[in-house]
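Heads up, the thing below is written out as structure tokens.
The values are calculated or read from the model by the stated rules, or taken from the named source; none is laboratory data. Since we're looking at a predicted model, the values are computed, not measured. As a convention, Cβ positions derive from the backbone with ideal geometry for all residues, glycine included, and neighbour counts pool all protein chains shown. Keep in mind that these areas ignore ligands, DNA and RNA; they rest on the heavy atoms of the full protein, side chains included. Shrake-Rupley method; radii C 1.70, N 1.55, O 1.52, S 1.80 Å.
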Amino acid sequence: MDATSALLSGLNEPQRQAVEHAGSPLLIVAGAGSGKTRVLTHRIAYLLAERGAHPGEILAITFTNKAAAEMRERVDELIGPRSRAMWVLTFHSACLRILRREAHRLGWKPSFTIYDTDDARRLLTQIVKDLGLDSKKHSPRWLAAEISRLKNELIGPDQAASAADDARTKLVADVYSQYDERLRLAQAVDFDDIIGTVVHLFRSFPEVAKSYRMRFRHVMVDEYQDTNHAQYTLVRELVGTGDDKAELCVVGDADQSIYAFRGATIRNIIEFERDFPDAKTILLEQNYRSTQTILDAANGVIRNNTERGREKRLWSDEGPGTAILGHTGDNEHDESAWVANRIDELVDAGETSFGDTAIFYRTNAQSRAFEEVFVRRGIPYKVVGGVRFYERKEVRDMLAYLKLTANPDDTVSAMRAVNVPKRGVGDRAVAEVEALAARLRISFPAALHRVDEAPGVSGRARTGIKRFCEIIDAATELAAAAPPEEVLDKLIADTGYLEGLEQSKDPQDEGRIENLQELVAVAHEFTEQVVRGTTDDDEADLNADVPSFLEHVALVSDADSIPDPESQEGGVVTLMTLHTAKGLEFDTVFLTGLDDGLFPHERSMSKPGDMEEERRLAYVGLTRARKYLHLTRAGTRNIFGQPQYYAASRFLAEIPGDLVEWSESAPPARVVKSKSTASFGQPIVMRNAADIPVLDVGDRVTHDKWGLGRVVELKGSGPRAQARIDFGDGEPKWVILRLAPISKI
Ligand code: ATP
Ligand code: MG
């Protein structure tokens, strides 16, 4: 069999058509598990192998970084390592990459900072205070959601102000305009800006839009049903409408649209054919993932929605498989104990592995009951979401310092860090410096450096602020030549942060020290990957420096912390919310908390549109299972210490009764296994000082991964020596000589 027939042989007829289709825009609408993502990977491979496309002409957009990495891996398997120059990215990472390259056109420095949800909320809290608003009535969280909604609709502050027609929308517009101004002053963007700014860039600089359009001749989008207006507009700008338009292929399932709260609209999929009049639509109807029993259950639920796009009849060749098992516990502990028993039973019987098992729930807080029983039983597990590493206080504190070394105008980070650990800089001193900043029209951190011009600051606070500025300045200087882990190390030491934790008697502080160590290790690992060229994006313009590291950190999303099942033998059970489960598949699935009010969520009960969104979420959950599906509920749950009674989820009544076998009794106790230990990352290899290659500009070198290159610039010395090397494939790359796998020839 030749390579092409091998590429096409694993596909059914409509899938093959989708892979081979050329020219007009292509929409693939199909139910869960029908091979949409598979079609995308095969299409990429086919474009490269058969249609002479160059990898650099391919832009594939997926929903999570994890999905992007998987897609690149699958294409690698199909066509080998030529895939390196492709852009397989999320909307955010693709746009960030474009922005870093083009920021100068908008008058930005390329080192702008990305504010995440927490940073954005702090900034809003500040604005609410400054505008004298009541933060109980106008919570920063609510304002953040309103502003995000406007940004997702590509509505700017001025437009919002002129459209505002009542007190509420006027207030939002006011806050929005303040917020926007302060972001700009701090040289920062928030998450929603990233996409809107690229749209703005393309519209203001048609030649830039054209250059990307000429570059990306093939644009593909997975999970198209979850794109919002800004993302949709971006795709249109990228593809273009004229004679030079690129080829577009999008895949999605209107029944799996679950991000309306982020402005996603099924409209984008339902009206694709209207927006792209010459579009071709392909339907896929065979499901390759699940047994017929599981599909019947999923279809039974989703058929109750009225807003559904095109009708689909999903069928499977897998046969009926085993019945779905249901369990009603006496309470949440009973529910989770039953789940643990069932997992043990399936694993012991060799029917499934921990890594092929997932527990889904509606809200993050529900993980706790499962975690408790899993720890007791020694079932290895991992929670996706919850209090994630990057949300922990000490990690955020140190990142705030680090951000300041990359962007000296970063106001939110400076406010966060200036008195952490405590150095006598109270609210009053901060207010004085803020006033100075406003007077001089400079950023807050810039004003900190001119604290002597703020008369109202006490002597003690002044000393604290000066110390703070010294720390930042020294770290900034180091950051110009050193990898991020060294800068972090220095900051942790200089700030006295570590000392404070070490002297503390609070047992929690030990965990905090570990988290800081982990952060340094993460930075280290990042440097290593950049130097070896093994980051997820091979073509990324990443350097082993602070701005690149911060960018990397900013993009690590929830779904990325899903463990790699290979990393522990048998893998670990994954606990996650239904929202993070999209696109994934597992042999064994537990859909838990099926109590009315919990799922569907209370909040959705008053609006039919919201209820339909909950139902789609149920459909997503049910269709993740390959073989063993379980439905559980508790009936009684402790809410703030009081038992609360729930009726069965209405979705259960929508599943044909003969598909599910219910049990209600409390499960028998089982033998306790030993707790498994977590595995740690690989050690990082560094050269000894004596082995660091000595180079001159013009020297020729070979790099294990990038091949032959020529040195074009040098900086730093000793362990900090770096070289900029031209490998003949675009921008020359900076490498750290102590770490890079290079030798002089
Ligand atoms: P979702 O809607 O959940 O994102 P999907 O439509 O993207 O699902 P895939 O994840 O691409 O579906 O495919 C589901 C499973 O079916 C995968 O394990 C995939 O490898 C397998 N599959 C798809 N098409 C075929 C085929 N023609 N032959 C064999 N296996 C297939
Ligand atoms: Mg998919």
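Please find, within region 85-119, the residue that is modelled with the lowest pLDDT out of those that are of a type in the set (V, I, T) and not in a strand (DSSP E or B). Going through the qualifying residues, I end up with T117. Being open to solvent by 10 Å² or more (accessible area, probe 1.4 Å), in contact (Cβ under 8 Å) with a residue 40 or more places away in the chain and polar (S, T, N, Q) is a property that holds for T636. E351 passes every criterion in (1) assigned to a helix (DSSP H, G or I); (2) open to solvent by 60 Å² or more (accessible area, probe 1.4 Å) apart from (1).
Determine, yes or no, whether S34 is farther than 23 Å from T227 by Cα, open to solvent by less than 10 Å² (accessible area, probe 1.4 Å) and not hydrophobic (A, V, I, L, M, F, W, C).
It is false that S34 is farther than 23 Å from T227 by Cα, open to solvent by less than 10 Å² (accessible area, probe 1.4 Å) and not hydrophobic (A, V, I, L, M, F, W, C).
Annotation: of all residues in region 33-53 being within 8 Å of ligand 1 (Cβ to nearest atom) and part of a loop (DSSP other than H, G, I, E, B), the one that is farthest from A18 (Cα to Cα) is G33. Is there a residue being within 16 Å of ligand 1 (Cβ to nearest atom) and modelled with pLDDT of 90 or more anywhere in region 561-572? Among the residues of region 561-572, not one is within 16 Å of ligand 1 (Cβ to nearest atom) and modelled with pLDDT of 90 or more, which makes the answer no. Can you find a residue in region 186-204 that is within 16 Å of ligand 2 (Cβ to nearest atom) and out of contact with any Asp or Glu (no Cβ under 6 Å at 6 or more places or on another chain)? The answer is no; no qualifying residue exists. The listed residues are A22, A49, A6, A18, and the only one of them that is among the aliphatic types (A, V, I, L, M), under 25 Å from E237 (Cα atoms) and open to solvent by 40 Å² or more (accessible area, probe 1.4 Å) turns out to be A22. Applying the criterion of being under 12 Å from G31 (Cα atoms) and part of a loop (DSSP other than H, G, I, E, B) to the residues of region 271-289, the residue that is least open to solvent (accessible area, probe 1.4 Å) is R289. Part of a strand (DSSP E or B) and more than 10 Å from ligand 1 (Cβ to nearest atom) - does that describe any residue in region 72-84? Checked against the condition, which is being part of a strand (DSSP E or B) and more than 10 Å from ligand 1 (Cβ to nearest atom), region 72-84 yields no hits at all. Would you check which residues across region 11-31 are among the small types (G, A, S), at pLDDT below 95 and within 16 Å of ligand 2 (Cβ to nearest atom) and list them? Hits for region 11-31 are A30, G31. Residues in region 444-456 that are at pLDDT below 95 and closer than 15 Å to A414 by Cβ: A454 only. The set of residues in region 695-745 being assigned to a loop (DSSP other than H, G, I, E, B), among the hydrophobic types (A, V, I, L, M, F, W, C) and surrounded by 15 or more Cβ atoms within 10 Å (Cβ to Cβ) consists of L695, W706, A721, F727, L737, L739, A740. Please find, among D610, D658, the residue that is open to solvent by 30 Å² or more (accessible area, probe 1.4 Å), touching a helix residue (DSSP H, G or I) at 6+ places or on another chain (Cβ under 6 Å) and among the charged types (D, E, K, R). One residue alone meets the criteria, D610. Residue pairs whose Cβ atoms lie under 9 Å apart, sitting 6 or more positions apart in sequence or on different chains, and linking a residue in region 208-224 that is touching a residue at least 60 places away in the same chain (Cβ under 8 Å) to a partner that is within 12 Å of ligand 2 (Cβ to nearest atom) and among the aromatic types (F, W, Y), are D222/F63; E223/F63. For region 54-66, a residue qualifies if it is in a strand (DSSP E or B) and within 16 Å of ligand 1 (Cβ to nearest atom), and the qualifying residues are A60, I61, T62. The one condition from (1) hydrophobic (A, V, I, L, M, F, W, C); (2) over 22 Å from the mean Cα position of the chain (by Cα); (3) away from ligand 1 (no atom under 13 Å from the Cβ) that A69 does not meet is (2).
Residues checked against (1) over 30 Å from E434 (Cβ atoms); (2) assigned to a helix (DSSP H, G or I); (3) without any contact (Cβ under 8 Å) to a residue 40 or more places away in the chain:
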{"residue": "G319", "(1), (2), (3)": "yes, no, yes"}
{"residue": "T322", "(1), (2), (3)": "yes, no, no"}
{"residue": "D330", "(1), (2), (3)": "yes, no, no"}
{"residue": "A337", "(1), (2), (3)": "yes, yes, no"}
{"residue": "G355", "(1), (2), (3)": "yes, yes, no"}
{"residue": "F370", "(1), (2), (3)": "yes, yes, no"}
{"residue": "R396", "(1), (2), (3)": "no, yes, no"}
{"residue": "L404", "(1), (2), (3)": "no, yes, no"}
{"residue": "D409", "(1), (2), (3)": "no, no, no"}
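Selection of region 66-85 for residues being surrounded by fewer than 19 Cβ atoms within 10 Å (Cβ to Cβ), out of contact with any helix residue (DSSP H, G or I) (no Cβ under 7 Å at 6 or more places or on another chain) and under 22 Å from G583 (Cβ atoms) yields A69, E70, E73, E77.
Annotation: of all residues in region 54-76 being more than 14 Å from ligand 2 (Cβ to nearest atom) and not aliphatic (A, V, I, L, M), the one that is nearest to T90 (Cα to Cα) is N65. Among residues of region 239-263 being in contact with a helix residue (DSSP H, G or I) (Cβ under 6 Å, 6 or more places away or on another chain) and part of a helix (DSSP H, G or I), the one that is farthest from ligand 1 (Cβ to nearest atom) is A260. The criterion of being open to solvent by 10 Å² or more (accessible area, probe 1.4 Å), under 30 Å from T169 (Cα atoms) and either out of contact with any strand residue (DSSP E or B) (no Cβ under 6 Å at 6 or more places or on another chain) or of a type in the set (D, E, K, R) (or both) does not hold for P110.
Taken over region 149-169, the criterion of being open to solvent by less than 30 Å² (accessible area, probe 1.4 Å), touching a helix residue (DSSP H, G or I) at 6+ places or on another chain (Cβ under 7 Å) and not basic (K, R) is satisfied by L150, N152, P157, A160, A164. May I ask you to list the residues in region 129-144 that are assigned to a helix (DSSP H, G or I) and open to solvent by 60 Å² or more (accessible area, probe 1.4 Å)? Correct list: K129, D130, R141, W142.
Looking only at region 235-270, residues that are within 16 Å of ligand 2 (Cβ to nearest atom) and open to solvent by 50 Å² or more (accessible area, probe 1.4 Å) come to 0 in all. On the stretch given as region 374-419, residues that are β-branched (V, I, T) and surrounded by fewer than 20 Cβ atoms within 10 Å (Cβ to Cβ) total 3. Residues of region 205-225 that are crowded, with 16+ Cβ neighbours inside 10 Å and more than 16 Å from ligand 2 (Cβ to nearest atom): V208, A209, Y212, R213, F216, R217, H218, V219.
Residue count for region 1-32, restricted to those that are in a loop (DSSP other than H, G, I, E, B), closer than 30 Å to R616 by Cβ and more than 10 Å from ligand 1 (Cβ to nearest atom): 3.
Scanning region 444-489 for residues that are assigned to a loop (DSSP other than H, G, I, E, B) and open to solvent by less than 90 Å² (accessible area, probe 1.4 Å), we see that the one that is farthest from E525 (Cα to Cα) is G456.
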